[in-house]
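J.: There's a structure below that I have some questions on.
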Amino acid sequence: SQQGEEDPQALSIQEGENATMNCSYKTSINNLQWYRQNSGRGLVHLILIRSNEREKHSGRLRVTLDTSKKSSSLLITASRAADTASYFCAAYQGAQKLVFGQGTRLTINP
Amino acid sequence: DVKVTQSSRYLVKRTGEKVFLECVQDMDHENMFWYRQDPGLGLRLIYFSYDVKMKEKGDIPEGYSVSREKKERFSLILESASTNQTSMYLCASSLLAAYNEQFFGPGTRLTVL
């Protein structure tokens, strides 16, 4: 069962543009996390936003959380070719089981 | 720099073979996890462990077992590999406290012929 579902499934933009990915989840959460996966590799943790936070920044990343709508968004500003990857949101079901969405596949075109 | 390593990046095995996938972390994390990742199905939790010799079933434990004899090492065992176990296997670890971020290894792409 999925806790998070990303939208869109795939996104293709030009280098330098901003990329926005959305995530919706089903149950109440302690925090929501975003991960990146380069093709054929493991996942890398990007950012964690707690349920009492509305917005968080890390470098070119900006994450928002709307607990009333059970949704989150990840914005990558000034995209680069190296940002090409799949991006996953994840939230816990219970205290130890992290459940991932299907991911958004982001392609940055030069 | 935190690190989770997996014994193989690519592995090819035959149906019926016993397969061992090894995962080692150097962060002194209590929790360790095994996932498989398949197109269209996302990441699915196979097993996790929150302490040495402790294990908990995830969503899809059938056909798998695990071993955690030391804190830093978590092994996934396919008792009798089948073609439907062809997949990407990802190991992760985290601190014991609830709701933490997880650190992933590079993955093992297993093909069962």
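J.: Non-local amide H neighbours of B:S82 (under 5 Å, H modeled in plane, Pro and chain starts lacking H): which ones?
T.: B:G16
J.: Treating the beta-carbon of each Lys and Arg as +1 and of each Asp and Glu as -1, no other charges, what is the dipole magnitude of region A:7-63 about its Cα centre, to the nearest 20 debye?
T.: With only Lys, Arg, Asp and Glu charged at Cβ, the dipole is about 240 debye.
J.: Kindly provide the trypsin sites (Lys or Arg not before Pro) of region A:12-97 that DSSP labels as loop, not H, G, I, E or B, and whose Cβ sees at most 14 other Cβ atoms within 10 Å.
T.: Here the trypsin sites (Lys or Arg not before Pro) that fit, given the DSSP loop and packing criteria, are A:K26, A:R54, A:R60, A:K69, A:R80.
J.: For B:R109, which sequence-distant residues (separation of 5 or more, or a different chain) have an amide H within less than 5 Å of its own amide H, given hydrogens modelled in the peptide plane?
T.: Here B:Y10, B:L11, B:Y89 satisfy the definition.
J.: In what sequence do A:L75, B:L113, B:L43 fall when counting other Cβ within 10 Å, fewest first?
T.: The order, fewest Cβ neighbours first, is B:L113, A:L75, B:L43.
J.: Another question, then. If amide hydrogens are placed 1.01 Å from N in the peptide plane, which non-local residues have theirs closer than 5 Å to the one on B:M27?
T.: B:K3
J.: Would you mind pulling out the separation of the Cα centroids of region A:32-55 and region A:63-110, in Å?
T.: If you average the Cα positions of each part, the centres end up 6 Å apart.
J.: When you look at the Cβ of every residue in A:92-98, what mean number of other chain Cβ atoms sits within 10 Å?
T.: 6
J.: Sticking with this structure for a sec: In peptide B:102-113, how many Cβ atoms from other protein chains are near each Cβ within 10 Å, on average?
T.: 3
J.: Got a sec to turn the phi values of region B:44-54 into Karplus ³J(HN,Hα) couplings, 6.51 cos²θ - 1.76 cosθ + 1.60 with θ = phi - 60°, whole Hz, x for Gly and Pro?
T.: These are the phi-based 3J(HN,Hα) values: 10, 7, 8, 8, 9, 9, 10, 5, 4, 6, 9 Hz.
J.: Which residues make up the longest stretch of chain B that has no trypsin sites (Lys or Arg not before Pro) in a DSSP loop with at most 16 other Cβ atoms within 10 Å?
T.: In chain B, the maximal stretch lacking such sites is B:72-113.
J.: Among B:T108, A:T64, what is the fewest-to-most ranking by other Cβ atoms within 10 Å?
T.: A:T64, B:T108
J.: Any chance you could tell me what percent of the C-alpha pair distances in region A:1-108 go past 23 Å?
T.: 20 percent
Read-outs throughout are calculated quantities, based only on the coordinates presented, and are distinct from any laboratory measurement. All of these numbers come straight from a predicted model, not from anything done at the bench. With ideal geometry, Cβ positions are generated from the backbone for all residues, glycine too; neighbour counts draw on all protein chains shown.
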